[in-house]
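We did not get these values from a lab; they are worked out from the coordinates using the rules stated. This one's a predicted model, so the numbers in the text were calculated from it and none came from an experiment. Please note: Cβ atoms are built from the backbone with ideal geometry, for glycine as well, and neighbour counts cover all protein chains shown.
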Amino acid sequence: MVKASAAKNSIQLEEDSLVVTLPEEWIAIDAAAEGFVLDMPYADTANFTHRKIYDCARCLLRPEAAMALRAAGKQARAAGFRIVIFDAYRPLPYQQKMYDVVPDKRYVADPAKGSMHNRGLAVDVGLADSSGKLLDMGGHFDDFSERAAYHYAALGKLQHSNRAMLRALMTGAGFEPYEGEWWHFNYRKKDYPLSVYLWPCP
């Protein structure tokens, strides 16, 4: 439920009786209500750093990117699938935590420079069937091997088809793919500065 707030440039979201206030320049995707699968490894230890980076799992994006993701999600559901959200906005303090654990610019952007994630304009996504079971994408999220590349040569027919379907859904909604990671998509139709905003947790 969304209610107008007396505070300027903010909205209030009621989540399980907890009222949290978000700045107007951010949109929170309610995965369960909107038909997405929220699977954010950085809110757990099951990620390439083996550390819990995020205090809790939330998908925040800039308004334009959020609308584009919702459009992609709607198309996915119409085809009998669901988009899986692995990562979205990543605050610079969390980027620093990640970089402190793995200071390798091949895998983690230097916080001094930042990334599209830190602007709220990038999403890491996959595909699931209507029940939420992940499709075979020919490699796992954040698998920084050659299998991560979209055009990895040793993909099976079904794996390539799944990657192609995900890419078609995302590009059709206005995102641009990153060739080195089948899961990563940027929204470049709008620009925002790097952000240190930390989302509230229950």
*Would you grab the residues whose amide H sits under 5 Å from the one on Trp182? Only those 5+ places off in sequence or on another chain, please, with H modelled 1.01 Å from N.*
Tyr150
*Radius of gyration and maximum dimension Dmax of the chain, Cα, Å*: 16.6, 56
*asked:* Can you show me the helix-derived [θ] at 222 nm for the chain, built from DSSP H runs with n ≥ 4 at -39,500 (n - 2.57) apiece and divided by the number of residues, rounded to the nearest 500.
replied: -7000 deg cm²/dmol
_Under the rule that an exposed site lies in a DSSP loop and has at most 16 other Cβ atoms within 10 Å, name the longest stretch of the chain with no chymotrypsin sites (Phe, Trp or Tyr not before Pro) of that kind, not counting the sites themselves._
1-106
_Nearest 5 percent is fine: what portion of the DSSP beta bridges confined to the chain is antiparallel?_
95 percent
*Could I have the simple spin-label model distance between Tyr197 and Ala168, label points 7 Å from Cα toward Cβ, reported in nm to one decimal?*
3.5 nm
*Residues with beta-carbon under 12 Å from that of Gly139, excluding Gly139: net charge, scoring Lys, Arg +1 and Asp, Glu -1?*
-3
*Residues with beta-carbon under 13 Å from that of His160, excluding His160: net charge, scoring Lys, Arg +1 and Asp, Glu -1?*
+3
_Between helix 157-172 and the chain, what is the angle of the helix's C-alpha long axis to the longest principal axis, kept within 0 to 90° and rounded to the nearest 10?_
40 degrees
*Just need log10 I(q)/I(0) for segment 105-199 at q = 0.10, 0.19 Å⁻¹, Debye formula, equal scatterers on the alpha-carbon atoms, no solvent, rounded to two decimals.*
-0.30, -0.97
*Sites matching trypsin sites (Lys or Arg not before Pro) across segment 33-98 that sit in DSSP coil, with at most 12 neighbouring C-beta atoms within 10 Å*: none
*With each pseudo-label sitting 7 Å past Cα toward Cβ, what's the Arg51-Arg147 distance in nm, one decimal?*
2.6 nm
*Round to the nearest 10 and give me the degree value, 0 to 90, for the angle of helix 92-101's Cα axis relative to the longest principal axis of the chain.*
50 degrees
*With springs connecting C-alpha atoms under 10 Å apart, model the chain as a Gaussian network and identify which of Val123, Val101, Val84 has the largest mean-square fluctuation.*
Val101
*Using a Gaussian network model of the chain with C-alpha springs under 10 Å, which one of Leu121, Leu22, Leu69 is most mobile by mean-square fluctuation?*
Leu22
*Could you work out which residue, out of Asp191, Asp142, Asp39, moves most in a Gaussian network model of the chain, that is, has the largest mean-square fluctuation with Cα springs under 10 Å?*
Asp191
_Sorted from largest to smallest, which semi-axis lengths in Å does the alpha carbon gyration tensor of segment 131-171 give for its equivalent ellipsoid, taking the root of 5 times each eigenvalue?_
16, 12, 11
*Which are the unpartnered cysteines of the chain, meaning those with no other cysteine Cβ under 4.7 Å from their Cβ?*
Cys59
